[in-house]
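Take a look at the structure below.
The values are calculated or read from the model by the stated rules, or taken from the named source; none is laboratory data. Quick caveat: nothing in here was measured; it's all calculated off a predicted structure. Neighbour counts run over all protein chains shown; Cβ positions are idealised from the backbone, glycine included. Just the protein is used for accessible areas: all its heavy atoms, side chains included, with ligands, DNA and RNA removed. Shrake-Rupley method; radii C 1.70, N 1.55, O 1.52, S 1.80 Å.
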Amino acid sequence: MNTSAADLLLWVAVPYVCLTVFAVGHVWRYRQDQFGWTSRTSQLLEHRWLRWGSPLFHLGAFMVIAGHAVGLAVPASWTEAVGVDEHTYHTTAVWAGSVAGVAMVAGLGMLCARRLLSRRVRLGTDRSDKVLFPLLSATVLLGITATAAHNVFGAGYDYRSTVSVWFRGLFALSPEPGAIAGAPLLFRLHALTACLLFAAWPFTRLVHVWSAPVGYLVRPYVVYRRRAAAGAPRRRGAGTAPGGRRAV
């Protein structure tokens, strides 16, 4: 099948450029701005919307990322080999993905509304946030709209035979732009905005994803010592030299 120049540009050149910026940008950000490697929390400025929006968004995001990892990176033959037929996978993916998508959209909506409606939070919004929030919103909304339009209310679309093939081909250094070129428009727009999001990632607050406190799981316990009661005799050696002389 012949591949047009536009398909090569959109589905080969743009993804590789975005992935290169993603990798090099993280190295540059870590070397140049370690103190800015944070989510730049604004909890002190406003916490009522954040209390609900942040957990909903993060929980939905974790579920969506897990679903994308399986759907894009794992071929259908692998899931069938472990006893999960295509109908079962498709049904589970659609409904679990819909729940995760709704949670993510609700949380993101609260966070965006909070940033727009709270003057103190709005004043703390920098240029990277003004790029991140619209781009992230577009990526999320296009993904859940594509799922709803084609797989919830529509006749169904097997993206694992097209979009997933294109995605795996990029990392195998054997890109297949024709695999995604024929996908529905919403899926193509979702893939394109996701590539742009990866390019913007290292220059935004999203870098805090790589700073998860995993070390807390294996760090030693903190040992607390009880403070001596007032008037209690001090043990020998605690500030006193042998013979009753005070240590200097």
For this session: Being out of contact with any Asp or Glu (no Cβ under 9 Å at 6 or more places or on another chain) and outside any helix (DSSP H, G or I) narrows it down to one of G53, G83, G25, G107, so name that one.
Result: G83
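Does F133 qualify as being more than 18 Å from the chain's Cα centre (by Cα) and either part of a helix (DSSP H, G or I) or not hydroxyl-bearing (S, T, Y) (or both)? Break it down stepwise before answering.
Values: more than 18 Å from the chain's Cα centre (by Cα): no; either part of a helix (DSSP H, G or I) or not hydroxyl-bearing (S, T, Y) (or both): yes.
Against the criterion (more than 18 Å from the chain's Cα centre (by Cα) and either part of a helix (DSSP H, G or I) or not hydroxyl-bearing (S, T, Y) (or both)), F133 does not qualify.
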For this session: Starting from residues that are at pLDDT below 90 and among the β-branched types (V, I, T), keep the ones in the stretch 17-55 and report whichever is least open to solvent (accessible area, probe 1.4 Å).
Result: T38
Exercise. Where residues in the stretch 1-12 are part of a helix (DSSP H, G or I) and either over 13 Å from W166 (Cα atoms) or among the charged types (D, E, K, R) (or both), which of them is most open to solvent (accessible area, probe 1.4 Å)?
Worked result: L9
Problem set entry | Residues within the stretch 103-148 that are farther than 28 Å from E80 by Cα, open to solvent by 50 Å² or more (accessible area, probe 1.4 Å) and of a type in the set (V, I, T), tallied | 1
Exercise. Would you pick out the residues in the stretch 149-193 that are buried (at least 17 other Cβ atoms within 10 Å of the Cβ), without any contact (Cβ under 8 Å) to a residue 60 or more places away in the chain and farther than 22 Å from V12 by Cα?
Worked result: H150, Y157
Exercise. Within the stretch 82-91, is there a residue that is β-branched (V, I, T) and under 30 Å from R115 (Cα atoms)?
Worked result: no
Problem set entry | Residues satisfying the stated conditions in the stretch 66-77, i.e. exposed (fewer than 12 other Cβ atoms within 10 Å of the Cβ) and under 22 Å from the mean Cα position of the chain (by Cα) | A69
Problem set entry | Positions within the stretch 78-102 being over 23 Å from V165 (Cβ atoms), surrounded by 15 or more Cβ atoms within 10 Å (Cβ to Cβ) and modelled with pLDDT under 90, in sequence order | S98
